[in-house]
Amino acid sequence: MTKNCHNDYKMKFSRDDEYPDLTQHNNHMAKVLSKEIYDKLRSKSTPSGFTVDDVIQTGVDNPGHPFIMTVGCVAGDEESYEVFKDLLDPIISDRHGGYKPTDKHKTDLNFENLKGGDDLDPNYVLSSRVRTGRSIKGFTLPPHNSRGERRAIQNLSIEALASLEGEFKGKYYPLDGMTDAEQEQLIADHFLFDKPVSPLLTCAGMARDWPDARGIWHNDNKTFLVWVNEEDHLRVISMQKGGNMKEVFRRFCVGLQKIEEIFKKHNHGFMWNEHLGYILTCPSNLGTGLRGGVHVKLPKLSTHAKFEEILTRLRLQKRGTGGVDTASVGGVFDISNADRLGSSEVDQVQLVVDGVKLMVEMEKKLEKGESIDGMIPAQK
Amino acid sequence: MKNSSLSESLIVPLLQGQKVNHCLHSCHFSLSPIAAHSHVIFHLCLCSAEFPDLRKHNNCMASNLTPAIYAKLCDRATPNGFTLDEAIQTGVDNPGHPFIKTVGMVAGDEESYEVFAELLDPVIKERHNGYDPRVMKHPTDLDSSKIQSGQFDERYVLSSRVRTGRSIRGLSLPPACTRAERREVERVVVDALSGLKGDLTGKYYSLTQMTEKEQQQLIDDHFLFDKPVSPLLTCAGMARDWPDARGIWHNIEKTFLIWVNEEDHTRVISMEKGGNMKRVFERFCRGLKEVERLIQERGWEFMWNERLGYVLTCPSNLGTGLRAGVHVKLPLLSKDPRFSKILDNLRLQKRGTGGVDTAAVGGVFDISNLDRLGQSEVQLVQTVVDGVNYLIECEKRLERGQDIKVPPPIKLSK
């Protein structure tokens, strides 16, 4: 995309004429973007040509919801987080619990540092999953990248994944090349991702050229899955039925490190820095980009008056079993870590393991008609 | 699309003095200055690596975009910075339908039609029955007095309508315009419309400011337009910043209506119940000329040239941008197997009464002209008048149990 000369053309117009109307808006971008900040940033663009208007378009087009606070902006490349720091730093701070521009983020993918996690009761914990995203250095991100870049990312990914062995031996399914039978299997396995329909994503330009250079890779065991060129360059997912989060996290860490070695050999390692951790498209996924969670049956606890408070104190969030923006079915919830930035992968998965263990014990107490008042945890 | 040769590591300085890393893999970084500019388009990959995959596509852009044309145009931009990739994005994202052939590309500004002529000219030729913008001239004629027999039988024709679009020269079009440009379009147009008098006196309702009562009235009148949901439009960037600087103007009598900043800078509509197409067209021409005079007084003008007529966002609307049509009851004729052929030969198209992409209800059809470019407004409206009169005659004959004839195809005059 060429925005440099378009942006120069735009500078002919006054700040006030270009400044978006955010009076109906409720998202992080709208709360932070003052006329002064807009004025300061509107003349800039990253080396690849991404501008502040590109950053905020999704937030301008999607005013938000009175109850849910969306981020309202995206990065178009690694440099966005530098060039537009006057806008993005305050948003990062709001979204990530006061994280400061001078803070350092800890990365810890040493699965051996996780305590426990192999004994979550499978009568309650139906499945366990850890996901993250990775961006490939040297390419721009999904809101901005060209077809050529996206294809290069796909090619690199195919090569990296094809070299994996043992428990990681698997196969790549390009979205525009799979057979009907393969497609049906991927749907049945709940692996197939669709063209984004959420305007949060489409307004940010992430669905352009669909399904060109998009695809899904998974290992033969169907416990390790990689999405290529969906909302991030890569989304990496480790999962299995039951409650052995320890094993899921081990496979997650080992698989990620193997993949990273191969990308590094081609001088295209992952985007990472010591302030923001792993760089991803949406500022909400900075840091670890990690969502570790379980599908867990909590029919009684979920109707308890203190359920929300318990989740908040445990630094966990709930979703329906269809993922974000879905409702829970049959008392089964998706429970995962709320934090991404400022704590490590091990820290975040530990919170999930410890928190879910506690909540299952609470559920059992409630089943017996007992009170859980003595078990309410302190704020973590 | 893998580049078969591995490139050597090479640092290439950007004009701004920055360095660019090289990828020791399937693509290499290339920098090419834009033909008309001092600014650089930052291309991380070769044009061949960028060429869209159009194998499943069926639209005019996909039929005409070759790798050679793409390579020639991919580094160009209009003076405002609009690029080929932006022009074709909607056609890449919307492969089309096996039966309906969409255009698959848009213009971001008036200059797009020049800068990307190598692609747009063949697209225009395909869409507009062989009209060749390189050699032909488009006739503009807004003299409504020339229309003959423009009063339809109102037992059949329920309503009559003529619409077109107009773009304000000097401001980018909806796929590319900035918020400031869009607001400028709104200011220029609303200011001009406030100068309309007599039966054209009216009021502007901004989408961001209208009251709930006004909104409900506009819905009841079927005047209110919504944020586009069609991916043909959203993928072209036309819904950005909605509803900023969008609005609806109409006269008190509700027979002359202007949409601001929807799919074009302006859409101008003249309509009324019943079959007096001549009067609808008279008001259309008069209103358009008045609005043109009013914006010219303020130093603006409409985008127009001899080769393409009125310049609009979608190449399908070039020329007159005119769709003149009626809602007409044809319950018997529409069931006759010759209906489509009759329409084709009369150079007419049918739509349901909800507009494009809707179905007919109760045998009532929206019948309008197929063509836009290469014939004047007067010629096209006359075609509709003659054609609809013929259709009504057919319907009456069928009512009486008489047979009908498929008319000979109208020759397209050039």
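For B:Ser149 and B:Lys405 in the same chain, what is the full-extension length gain: residue separation times 0.36 nm, less their Cα-Cα distance, in nm?
Contour length minus Cα-Cα distance gives 90.1 nm.
List the residues whose amide H sits under 5 Å from the amide H of B:Glu272, counting only those 5 or more places along or on another chain, with H placed 1.01 Å from N in the peptide plane.
The answer is B:Ser160.
Take B:Arg134, project a point 7 Å from its Cα along the Cβ direction, then tell me which residues of the stretch B:109-124 have their backbone nitrogen under 17 Å from it.
Only B:113-124 fall inside the zone, counting backbone N under 17 Å.
If a/c stays under 1.5 just call it rounded; otherwise compare a/b with b/c (prolate if a/b is bigger, oblate if not). Do that for the stretch A:5-96, with a ≥ b ≥ c from the square roots of the Cα gyration tensor eigenvalues.
The shape class here is oblate.
Quick one: 3J(HN,Hα) in Hz for the stretch B:176-181, Karplus 6.51/-1.76/1.60 with θ = phi - 60°, rounded, Gly and Pro as x.
10, 5, 7, 4, 4, 5
Calculate how large, on average over all directions, the projected area of the Cα convex hull of the stretch B:114-242 is; give the answer in nm² to one decimal.
Computing the convex hull of the Cα atoms and averaging its projections yields 12.5 nm².
Taking only the alpha carbons of the stretch B:144-400, what extent do you get along each of the three principal axes, in Å, biggest first?
The principal-axis extents, from largest down, are 59, 37, 36 Å.
If I take the Cα coordinates of the stretch A:111-368 and project them onto the principal axes, what are the three extents in Å, biggest first?
The Cα atoms of the stretch A:111-368 stretch 59, 40, 38 Å along the principal axes, largest first.
Could you work out, residue by residue across A:147-156, how many beta carbons of other chains sit within 10 Å of that residue's beta carbon, and then give the average as an integer?
6
How many angstrom lie between the C-alpha centres of the stretch A:169-246 and the stretch A:318-379?
26
When chain A is treated as a GNM, springs tying every alpha-carbon pair under 10 Å, which of A:Phe249, A:Phe193, A:Phe13 comes out with the largest mean-square fluctuation?
Evaluated over chain A, the most mobile residue of the options is A:Phe13.
May I ask you to derive the FRET efficiency for B:Ile252 and B:Val361 from their Cβ-Cβ distance with R0 = 25 Å, giving the value to the nearest 0.05?
The formula returns an efficiency of 0.25 here.
Report the charge-dipole magnitude of chain B in Debye, nearest 20, computed about the Cα centre from +1 at each Lys and Arg Cβ and -1 at each Asp and Glu Cβ.
Charge dipole, chain B, about its Cα centre: 960 debye, nearest 20.
Going by amide H atoms built from the backbone, whose H comes under 5 Å of the H on A:Arg214, apart from near neighbours?
Here the answer is A:Leu175, A:Asp176, since their amide H atoms fall under 5 Å of that of A:Arg214.
For the stretch B:37-128, go through all pairs of different Cα atoms, get the mean of 1/r, take its inverse, and jot down that Kirkwood value in Å.
After inverting the mean inverse Cα-Cα distance, the result is 13.5 Å.
So how much slack lies between A:Asp121 and A:Glu367, counting 0.36 nm per residue of separation and subtracting their Cα-Cα distance, in nm?
Using 0.36 nm per residue and subtracting the Cα-Cα distance, I get 87.1 nm.
For the protein assembly as shown, I need the span (max minus min coordinate) of the C-alpha atoms along each principal axis, in Å, sorted largest to smallest.
So the extents along the principal axes, rounded to whole Å, are 89, 68, 53.
I'd like to verify something in chain A: which complete DSSP H helices, judged by Cα projection on the helix axis, reach 15 Å or more and average at least -1.0 on the Kyte-Doolittle scale?
A:147-162, A:245-265, A:345-367
Roughly what would the spin-label model give for A:Asp8 and B:Lys396, points 7 Å off Cα along C-beta, in nm?
If labels sit at A:Asp8 and B:Lys396, their model points lie 6.6 nm apart.
With each run of n ≥ 4 DSSP H residues scored as -39500 (n - 2.57), what mean residue ellipticity at 222 nm is computed for chain B after dividing by its residue count and rounding to the nearest 500 deg cm²/dmol?
Result for chain B, helices only: -8500 deg cm²/dmol.
In sequence order, what are the phi-derived ³J(HN,Hα) couplings for the stretch B:231-246 according to the Karplus relation 6.51 cos²θ - 1.76 cosθ + 1.60 with θ = phi - 60°, rounded to whole Hz, with x for glycine and proline?
Per residue, the Karplus-derived 3J(HN,Hα) values read x, 4, 8, 5, 5, 8, x, 7, 9, 4, 6, 3, x, 3, 6, 9 Hz.
Could you tell me the relative contact order of the stretch A:111-368? Use alpha-carbon pairs under 8 Å, at least six residues apart, and round to a whole percent.
The normalised contact order for the stretch A:111-368 reaches 27 percent.
What spacing in nm lies between the two simple spin-label points modelled at A:Ala162 and A:Glu182, each 7 Å away from Cα in the Cβ direction?
1.3
Taking the simple approach of a point 7 Å from Cα along Cα-to-Cβ for both A:Asp21 and B:Ile219, what is their distance in nm?
So the two model labels end up 1.9 nm from each other.
Readers should treat all values here as calculations from the given coordinates under stated rules, not as data from a laboratory. Treat the numbers as computed from the prediction; the structure is a model and nothing was measured. When we count neighbours, we look across all protein chains shown, and the Cβ atoms used for this are built from the backbone with ideal geometry, even at glycine.
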